[in-house]
Structure formats: C-alpha cells, structure tokens
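Quick note: the coordinates plus some simple rules give every number you see, no bench work behind them. Fair warning: this is a prediction, and the values are worked out from it, not measured in the lab. Counting neighbours? That spans all protein chains shown, and the Cβs are built from the backbone with ideal geometry, glycine included.
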Amino acid sequence: MKLKTQPENPLEWVALKLNLAPTPLVDTQIAFNAARAIMAGAELGIYEAIGKNSKTADEIAAECKTNTHATKQLLNCLVGVGYLSWSDDKYSLKTKYHKWLLKESESNLISKLRFQLIEWNWMAMLEDYVRTGTTLQLHNSVNEKEWNLYQEGMRDLSVNAAKELAGKIPISKNATSMLDIGGSHGLYSIELCKKYPGLKSTILELPAAIESASAIAKRYDTTGRVSYKGGNALEDDLGSELYDLVMINNVVHHFTPEQNNALAQKIARALKPGGIFIIGEFIRAEKPGEGGVIASASGLYFSVISASGNWSADEIESWQKNAGLKPEKPVTTMTIPGWKMIIARK
Ligand SMILES: C[S@@+](CC[C@H](N)C(=O)[O-])C[C@H]1O[C@@H](n2cnc3c(N)ncnc32)[C@H](O)[C@@H]1O
C-alpha cells in the first residue's frame with residue numbers, strides 16, 4: 001500500500017504535476033498534525049460523543065468535558081482530514097468510519113489509536129536509534145496502564161484477522177492442542193477453538209501481560225478451552241510432542257536471529273509429528289521499497305522498539321528449516337495488509 005498526496009482541485013493537480021507543491025511538507029507537518037488529530041479524537045472521546053448523530057461543537061465539548069473553542073479547532077481539522085462532515089453548524093462522523101471509530105463496532109480501533117499516543121513518543125527516539133543503534137526494549141518499558149492499552153490495541157488489530165485466518169490455517173480436523181506464544185487477547189486461539197471443537201489452546205504470555213490480556217479473552221471466549229500460562233518463551237521449556245499447532249503472531253520481531261533459531265528448535269520439539277508451526281508477521285520485502293510504505297514503516301518502527309525489526313519470509317522460513325521442519329504455503333490476509341503467516345510442518 002502507498003500513502004499519496006492527492007490534489008483537491010485543478011490548480012493543485014498542476015502544482016503537483018510540475019513539482020511546485022512542497023510535498024515533503026505535506027508528507028510531514030500536515031501528515032503528523034492530521035494523524036495526531038485523528039488520535040486525539042479517540043483519546044478525548046470525540047467520535048463516541050458524536051456517535052451516529054449530528055452535533056454542534058458546544059454539544060460535543062460538553063460531552064467530552066473539553067474547551068469549546070479548542071474542540072472546534074480539532075473538529076474542523078477532522079472535517080478537513082475527511083473523517084467528519086459539517087453542515088448547519090453540526091458535525092457528524094462519516095458513515096465509513098462508524099465501523100472503525102465507534103465502540104459499538106467490534107472492528108473499532110479506538111484503543112489502538114490511543115495506544116499510538118505512546119508509540120508516538122517511542123518514535124521520537126528514531127534519530128537517537130539511527131545514531132547509536134540502541135533500541136527501546138518495549139516489554140521492559142511499559143507501565144501497568146500502558147500494558148492494558150497495548151493488549152487492547154492488539155485486540156483491535158486482530159479481531160477481524162483472527163476470524164479470517166481461522167478458516168485458512170491448515171490444521172487437522174482432529175487437532176486437540178495448540179500453544180499460542182505471546183497470544184495476548186487470545187483471539188487467534190479463540191477463533192480456532194470455535195472452529196475445531198476438540199481443540200484446546202494454552203496462551204504463553206509474559207506475567208505482566210496476563211491480567212489485561214485474559215480480561216479481553218474473557219469477553220470473547222465462548223468455548224472455555226483457552227487458558228493462560230505465565231512464562232517467557234525464550235527461557236521456558238516447551239515440552240516434547242505436545243501440540244498439533246504452535247503459533248506465534250507478532251512476537252518474533254522482538255527477538256534476535258539467535259533467539260528465533262533457538263526458539264524454533266524448542267517449538268519443533270514441542271510439536272507432535274505432523275503438527276504445524278506458524279509465524280505471523282509483517283513481512284520485510286527482499287528489496288527496499290517492495291511492499292510499499294506499510295512494510296518499510298512498520299519495519300522501521302519495530303527496529304526502534306525491539307531487538308530486530310521485520311523479517312523476510314526467507315529469514316523466517318530458515319529458522320523453521322534449521323529446526324527440521326518442512327515449509328508449506330504461506331497464508332495471507334485481507335484484514336491486515338502486508339502481514340503473512342509463514343507455515344512449516346513437522
Ligand atoms: C505485539 S503483541 C502480539 C499479540 C498477539 N499475538 C497478536 O498478534 O495480536 C506481542 C505479545 O508477545 C508477548 N511477549 C513478548 N515477549 C514474550 C516472551 N518472551 N514470551 C512470551 N510472550 C512474550 C507480549 O507480552 C505481547 O502480548
């Protein structure tokens with residue numbers, strides 16, 4: 001996917017065509033002000049206050065307990081960004097954003113947008129990271145409140161993908177046990193357990209994550225077959241021939257190549273013969289620029305906040321092969337662009 005500056009009138013079209021419009025300013029100051037306004041709308045409860053109605057700035061500010069004049073500035077920006085519309089002095093949320101920004105919708109991204117206020121501060125370390133190579137170890141630097149927003153934000157990212165992927169993962173109909181490493185909210189496990197009535201999942205999570213992660217799972221798990229185990233995948237023994245599936249989604253970008261190779265060996269041992277090992281990740285393209293802005297920007301972000309950054313499909317497959325597993329066709333998803341499940345079988 002690409003982000004692109006679009007002209008809004010013929011003059012702008014010509015200015016862009018002739019390279020007269022200062023696009024680096026649009027790509028930066030305008031983009032970051034607009035991004036921050038969208039996130040502020042989530043943090044301050046603006047979308048929820050408007051709901052599916054049309055409201056004046058006074059009404060919205062009263063509901064959000066914010067300053068009326070400043071709220072109007074934010075609302076006007078959100079109209080310009082294209083999220084709100086304005087008529088007769090009233091603001092409404094455009095229908096296509098009801099799905100993403102109203103809490104009544106399961107697909108809402110409100111917690112993820114609020115968590116991005118924290119991610120925003122992490123990205124402010126970018127220049128230091130590039131100068132020194134020193135990264136932030138995200139899991140050592142979040143406080144209790146941030147853990148909750150982090151896990152809720154991961155829910156937001158996964159709620160649609162988990163449903164889509166449950167039907168695409170090539171596990172046996174008779175599968176009985178899976179291990180979901182860093183499974184957080186549990187949605188990937190929950191959707192698989194709903195589909196396979198004989199399946200039970202253990203979510204191995206860092207102890208600091210378990211309280212907020214399991215509270216989310218409780219809201220979704222109708223099977224009673226998903227349970228949590230506190231631990232550390234890099235340190236714990238994972239056992240031998242216990243699982244039909246070991247899944248690790250959005251975790252290996254936090255680990256070094258040595259850690260990922262060692263983990264793959266433990267996972268291969270923990271799989272039953274015929275069992276599968278799935279690694280779900282935003283995939284680093286083989287050549288810079290391939291995969292567009294999502295692959296490159298997510299790769300940079302993960303490099304700043306964790307041990308490594310995005311991995312290529314070949315790199316991921318190499319850990320699986322080194323552990324004696326046979327690669328199978330990767331699974332892609334429409335609901336998380338740029339993301340894939342790399343699969344190997346014992
Ligand atoms: C980015 S989240 C991914 C959550 C979920 N798998 C998903 O895809 O939505 C990474 C999760 O891995 C957990 N985690 C990180 N390091 C871990 C480790 N060494 N052992 C177990 N879990 C870990 C974190 O607590 C966090 O919940």
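Thinking of segment 195-340 as a set of Cα atoms, what percent of all their pairs are more than 26 Å apart? Looking at segment 195-340, the distances longer than 26 Å represent 30 percent of pairs. Cβ crowding within 10 Å, taken as a proxy for footprinting-reagent exposure, orders ILE46, ILE118 from fewest neighbours to most as ILE118, ILE46. Shape summary: segment 177-280 maps onto an equivalent ellipsoid whose semi-axes, from the alpha-carbon gyration tensor, are 21, 17, 11 Å in decreasing order.
Global dimensions of segment 10-108 from alpha-carbon coordinates: Rg and Dmax equal 15.3, 46 Å.
Sequentially through segment 181-194, phi angles give Karplus couplings (6.51, -1.76, 1.60; θ = phi - 60°) of 7, x, x, 6, 4, x, 4, 5, 5, 4, 5, 5, 5, 5 Hz, Gly and Pro residues having no value and appearing as x. Two numbers describe the Cα atoms of the chain: Rg and Dmax, which are 22.1, 67 Å.
The ranking of TYR220, TYR150 from fewest to most other beta carbons within 10 Å of each one's beta carbon is TYR220, TYR150. With just the Cα atoms defining each centre, how far is segment 228-281 from segment 95-173? Give it in Å. One Cα centre to the other: 22 Å.
Here the chain is assigned +1 on the Cβ of each Lys and Arg and -1 on the Cβ of each Asp and Glu. Its dipole about the Cα centre then comes out at about 1020 debye. Along the axis of the charge dipole computed for segment 77-193 (Cβ charges of +1 for Lys and Arg, -1 for Asp and Glu, origin at the Cα centre), the listed residues SER189, ALA166, ASN140 are led at the positive end by ALA166. When the charge dipole of segment 182-270 is built from unit charges on Cβ atoms (+1 for Lys and Arg, -1 for Asp and Glu) and taken about the Cα centre, the candidate among MET247, TYR220, ASN261 whose Cα reaches farthest toward its positive end is TYR220.
With θ taken as phi - 60° and the Karplus curve 6.51 cos²θ - 1.76 cosθ + 1.60 applied, the whole-hertz 3J(HN,Hα) list for segment 241-246 is 6, 9, 10, 7, 8, 10 Hz, x standing for glycine and proline.
For GLU106 and ILE30, the FRET efficiency from 1/(1 + (r/R0)^6), where r spans their Cβ atoms and R0 equals 30 Å, is about 0.40.
Given springs between every Cα pair under 10 Å in a Gaussian network model of the chain, which of GLY299, GLY182, GLY224 has the largest fluctuation? Among GLY299, GLY182, GLY224, the largest GNM mean-square fluctuation belongs to GLY224. Normalised by 2.2 N^0.38 Å, where N is the number of residues, the C-alpha radius of gyration of segment 1-58 stands at 1.54. The calculated FRET efficiency for ALA15 paired with VAL130, based on their beta-carbon distance and R0 = 30 Å, is about 0.40. Counting only DSSP H runs of at least 4 residues, each contributing -39500 (n - 2.57), and dividing by the residue count of the chain, the helix-based mean residue ellipticity at 222 nm comes to -14000 deg cm²/dmol.
Of SER54, SER141, SER212, the sequence from fewest to most neighbouring Cβ atoms within 10 angstrom is SER141, SER54, SER212.
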